[in-house]
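The values are calculated or read from the model by the stated rules, or taken from the named source; none is laboratory data. These figures come from a predicted structure and were not determined experimentally. So basically every Cβ, Gly included, is an ideal-geometry build from the backbone, and we count neighbours across all protein chains shown. Heads up: the accessible areas ignore ligands, DNA and RNA and are worked out on the full protein's heavy atoms, side chains in. Shrake-Rupley method; radii C 1.70, N 1.55, O 1.52, S 1.80 Å.
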Amino acid sequence: MIDRLAVLVSGNGTNLQALVDATADPGFGASIVVVVSDRPDAYALTRAEAAGIPTEVVPWSPDRTRSTKAVIDVLERYEVKGVVLAGFMRILGPAAIRRYPNRIINVHPSLLPSFAGSKAIEAALAHGVKVTGVTVHFVDEEVDHGPIIAQEPVVVEPGDDVESLAARIHIVEHVLLPAVVGDFVAGRLSQAGVMSP
């Protein structure tokens, strides 16, 4: 049963806040037992502390294998069953995927496979697309890859810049991610990433 979640963060933590709000409902079926950041100054840690959730900082080194092991050590200490990457701007090594197969979920601000990487919103604007969106997917060993669980489109409006488009993408993320995580902890997702009947 996936009833103990870790959320990995690097920044402001608005998606973390959406998950904190969702898991406050006793009917959600899981709790966030630890929030892990690679940055000690991430505001997401303040959000976690305000919600009474333990926090851990794992500074990221050039040795991804060592950093990944440090994250896994934290997750095991908290007896984590599922992991959510919510604005975590690091790439976990293969050891994490092996340790938590089909139990690591990521949210990404584009309709993957389009615009993978850390500059997805900028890339969508640069390419002049009319629609971008949000993807929630299982994590595998490739960047912004793995079975897609859910996607929602976001229309690119005339005159959009990174800030305005990001704001509308965040609104969608804050609904879609908790919904998918709710299905995840309830066992309603198949390993292929599609909704089970």
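How many of the residues making up the range 105-136 are of a type in the set (V, I, T), within 22 Å of Y43 (Cα to Cα) and without any contact (Cβ under 8 Å) to a residue 60 or more places away in the chain?
1
Scanning the range 56-64 for residues that are under 17 Å from the mean Cα position of the chain (by Cα) and more than 13 Å from V9 (Cβ to Cβ) turns up nothing. Looking across E163, E141, E152, E157, one residue alone is open to solvent by 50 Å² or more (accessible area, probe 1.4 Å), over 29 Å from R64 (Cα atoms), assigned to a loop (DSSP other than H, G, I, E, B) and not basic (K, R). It is E157.
If only residues of the range 166-191 that are in a helix (DSSP H, G or I) and small (G, A, S) are counted, the one that is surrounded by the fewest Cβ atoms within 10 Å (Cβ to Cβ) is A167. Taken together, the residues in the range 6-20 that are under 24 Å from R77 (Cβ atoms), open to solvent by 10 Å² or more (accessible area, probe 1.4 Å) and touching an Asp or Glu at 6+ places or on another chain (Cβ under 9 Å) amount to 1. Among the residues of the range 65-107, the ones that are open to solvent by 70 Å² or more (accessible area, probe 1.4 Å), closer than 24 Å to V20 by Cβ and of a type in the set (A, V, I, L, M, F, W, C) come to 1 in all. Annotation for the range 33-56: at least one member residue is on the phi > 0 side of the Ramachandran plot and at pLDDT 95 or above. Every test in (1) open to solvent by 50 Å² or more (accessible area, probe 1.4 Å); (2) within 18 Å of the chain's Cα centre (by Cα); (3) within 30 Å of D160 (Cβ to Cβ) is passed by F115 save one, and that test is (1). The lone criterion from (1) without any contact (Cβ under 8 Å) to a residue 60 or more places away in the chain; (2) touching a helix residue (DSSP H, G or I) at 6+ places or on another chain (Cβ under 9 Å); (3) among the hydrophobic types (A, V, I, L, M, F, W, C); (4) buried (at least 17 other Cβ atoms within 10 Å of the Cβ) left unmet by A42 is number (2).
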